[in-house]
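S.K.: A single structure is presented below for examination.
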Amino acid sequence: MNAALRDFDIVPTALAVKAMRDNGYKNAAYAIAELMDNSIQAGAKTVQLLCADRESQVEQRARKRLHQVAVLDDGCGMDADTLQIALQFGNGTRLEREKQDGMGRFGMGLPSASISQCQRVDVWSWTDGVDNALHSYIDLPEINAGRMRVLPPPERKGIPEVWRDAAGRKAFGKSGTLVVWSNIDRVLWRTSKALIDNSEELIGRMYRYWIHDGRVSIVLKSFLYEDATNLLLERLAKPNDPLYLMANTSCPAPFDTKPMFRPFPSEEGYEIKQTVRFQGEDHTVTIKFAIACEEARDSGGGQSTGSRPFGQHAARNVGVSVVRAGRELELDPAWTTTYDPRERWWGVEVSFEPGLDELFGVSNNKQSARNFAEAAKIDVSAIIKEHRTIAAARAALRDEQDPLEPLLEIVHRVQTNIRQMRSMIQTQAEGSKRRKRHSEESVEAQATDAVRKRQQEGHRGRSDEDESKPAEERKADVADQLEHLGHSRESAEVLAAETIDKGLKYRIDVSSLEGGAFFSVQPRGGVLLVTLNTDHPAYDLLLGARDPKELPEDPDKLKEKLLSAQAGLEMMLFAWARYEDEQPLETRRLTQNIRHDWGRMAEAFLGSRS
């Protein structure tokens, strides 16, 4: 009972730092980005990522292994007080809300990001020439041994020659900062080349606006620690735009020098500025939409464009890009259908300023916007349908004190436009398939033969009158409707010309249609445009694999597909039977006559195939 009392830290330093190592950085690339945030915030024009390998003997072979990593910038540098603040966990120079107008967030960046990947971080910073550089550090083994309870006071210390050689003497100007990771134990990639290769696309995407506008250059270098003047790799990070509206990016040819997507729905309407009222202040959220151009979707020469290098690049950029203060937080996949490879062909960006951090749920490591990701799961259309208007829906959420209420309109715009773009992409794909099959005798041609026979027998349809119009006028009418369904103007004109020049009476297409109809019929320019509703369950059952190449090669899966199509057809017939059965007595005879007439017409059309 008389044992000596001991002092207990509220937060034991060694245990706290150990916990902070698991701060949730997805990988080393995100941790490196934290350091680059600081560099850009400090006004740097050039940032260098310097990755040093060392050779070691592994099973009698010399192998390179990542040894140290550094980030060098030519920003404004730090004095002694600022350097100590920067190395303190949880501290920073922009903690006050009025100062949070840039990339900084909670002041956790430099130490937290660094120890998530290594056991020691050294920082040199200078404001009046590199010869006056101040140095301090954090060393985990020293902390764990109890030898390091406070930060070492910054002292003047020369920059190690290895970094001067690798970066180049001219890289060390009047001011700047060098952060060095050593005793690296948590970086997944084992070599400097692997680290750069796996970080380059992410860095290019995060800072795409800064790089594209020429506000900052990010240089990536790999070298051997013992021979830093001979670089193994050196290149500039290129912007990686998930909207693919920029030129001169990391996207492979032919879209390296030109955009691969086009603004959606138009050049004038692709960017929406939404005012959001939050905590008594108005903030602007900017939403951008883009969709793949026709060339990107149909330039494979028989090869799937998705399997080409630019298609594979797009597959790595799937999701909604969430941008804060001009820097991407994440590419959020919560808005996508992960099993559909066509999701790569649209892009959405939502950007906001730090004043909305709390609303969007920005994490302290700036890797996500949690609240916005949760909002992706909301079926806004159902909420609006329940309350009749979006204003009423917002009012209801406000009454319930739902924190997502201010985001509702943004989420609605994003979800609505994604649905429209998916429909257009499906229409593009269908048009591409049909153009590839145009040389074969199509079903449309066979159906046209059946119509010509009926015309010879004296049967007339409303669309027949327009066949006497000039060909160019007819083509324009057909093209207008095809463009409305989602084709680009160029593609619509090609398809319309093909239809009219071949004398076809029919054109079949696909689109997302309102209402419950399986298909629609529109007479245009003497042609009957039959549009299948891709949202109807019958589409996938009966027509989901209209291209033979899409049929499964496995016999069991092919059998399953055919049985499914047969069951779908039978279910459609059962639905008609029930529809007929539920008709009042006075209209039942009419529906029966329609069934008989359609049956006779179908007999004639199917007979024309033989």
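S.K.: Would you call residue 256 assigned by TED's automatic domain parsing to the domain that holds residue 25 and without any contact (Cβ under 8 Å) to a residue 40 or more places away in the chain?
M.R.: On the way: assigned by TED's automatic domain parsing to the domain that holds residue 25: no; without any contact (Cβ under 8 Å) to a residue 40 or more places away in the chain: yes.
Against the criterion (assigned by TED's automatic domain parsing to the domain that holds residue 25 and without any contact (Cβ under 8 Å) to a residue 40 or more places away in the chain), residue 256 does not qualify.
S.K.: Separate question: Looking at 440, 444, can you tell me which residue is in contact with a Phe, Trp or Tyr (Cβ under 7 Å, 6 or more places away or on another chain) and either modelled with pLDDT under 85 or over 23 Å from residue 292 (Cα atoms) (or both)?
M.R.: Unique residue meeting the criteria: 444.
S.K.: Residue 330 - would you say it is surrounded by 17 or more Cβ atoms within 10 Å (Cβ to Cβ), outside any loop (DSSP other than H, G, I, E, B) and touching a residue at least 60 places away in the same chain (Cβ under 8 Å)?
M.R.: Details: surrounded by 17 or more Cβ atoms within 10 Å (Cβ to Cβ): yes; outside any loop (DSSP other than H, G, I, E, B): yes; touching a residue at least 60 places away in the same chain (Cβ under 8 Å): no.
Against the criterion (surrounded by 17 or more Cβ atoms within 10 Å (Cβ to Cβ), outside any loop (DSSP other than H, G, I, E, B) and touching a residue at least 60 places away in the same chain (Cβ under 8 Å)), residue 330 does not qualify.
Okay, residues lined up against (1) among the small types (Gly, Ala, Ser); (2) farther than 25 Å from residue 483 by Cα; (3) at pLDDT 80 or above; (4) in a helix (DSSP H, G or I):
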site: 528; (1), (2), (3), (4): no, no, yes, no
site: 540; (1), (2), (3), (4): no, no, no, yes
site: 560; (1), (2), (3), (4): no, yes, yes, yes
site: 564; (1), (2), (3), (4): yes, yes, no, yes
site: 569; (1), (2), (3), (4): no, yes, no, yes
site: 578; (1), (2), (3), (4): no, yes, yes, yes
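S.K.: Here is a follow-up. Report whether or not residue 503 is at pLDDT 85 or above, in a loop (DSSP other than H, G, I, E, B), surrounded by fewer than 18 Cβ atoms within 10 Å (Cβ to Cβ) and not assigned by TED's automatic domain parsing to the domain that holds residue 291.
M.R.: Values: at pLDDT 85 or above: yes; in a loop (DSSP other than H, G, I, E, B): yes; surrounded by fewer than 18 Cβ atoms within 10 Å (Cβ to Cβ): yes; not assigned by TED's automatic domain parsing to the domain that holds residue 291: yes.
Criteria met by residue 503.
S.K.: Right, something else. Please work out if residue 365 is out of contact with any strand residue (DSSP E or B) (no Cβ under 7 Å at 6 or more places or on another chain), touching a residue at least 60 places away in the same chain (Cβ under 8 Å) and assigned by TED's automatic domain parsing to the domain that holds residue 317.
M.R.: Taking the combined requirement at face value, the residue satisfies it.
S.K.: Any residue that is touching a residue at least 60 places away in the same chain (Cβ under 8 Å) and among the acidic types (Asp, Glu) - is there at least one of those in the range 202-225?
M.R.: The answer is no, given that none of the residues of the range 202-225 is touching a residue at least 60 places away in the same chain (Cβ under 8 Å) and among the acidic types (Asp, Glu).
S.K.: Can you tell me how many residues within the range 506-526 are in a loop (DSSP other than H, G, I, E, B) and either modelled with pLDDT of 90 or more or crowded, with 21+ Cβ neighbours inside 10 Å (or both)?
M.R.: The total comes to 2.
S.K.: Residue 380: farther than 22 Å from residue 31 by Cα, in contact with a Ser or Thr (Cβ under 9 Å, 6 or more places away or on another chain), modelled with pLDDT of 85 or more and not basic (Lys, Arg), yes or no?
M.R.: yes
S.K.: Got a sec? Which strands (runs of 3 or more DSSP E) wholly within the range 221-282 have at least 1 residues that are surrounded by fewer than 15 Cβ atoms within 10 Å (Cβ to Cβ) and at pLDDT 95 or above?
M.R.: Passing ranges, in order: 227-236, 271-278.
The values are calculated or read from the model by the stated rules, or taken from the named source; none is laboratory data. The model shown is predicted, which means the values in this text are computed figures rather than measured ones. As a convention, Cβ positions derive from the backbone with ideal geometry for all residues, glycine included, and neighbour counts pool all protein chains shown.
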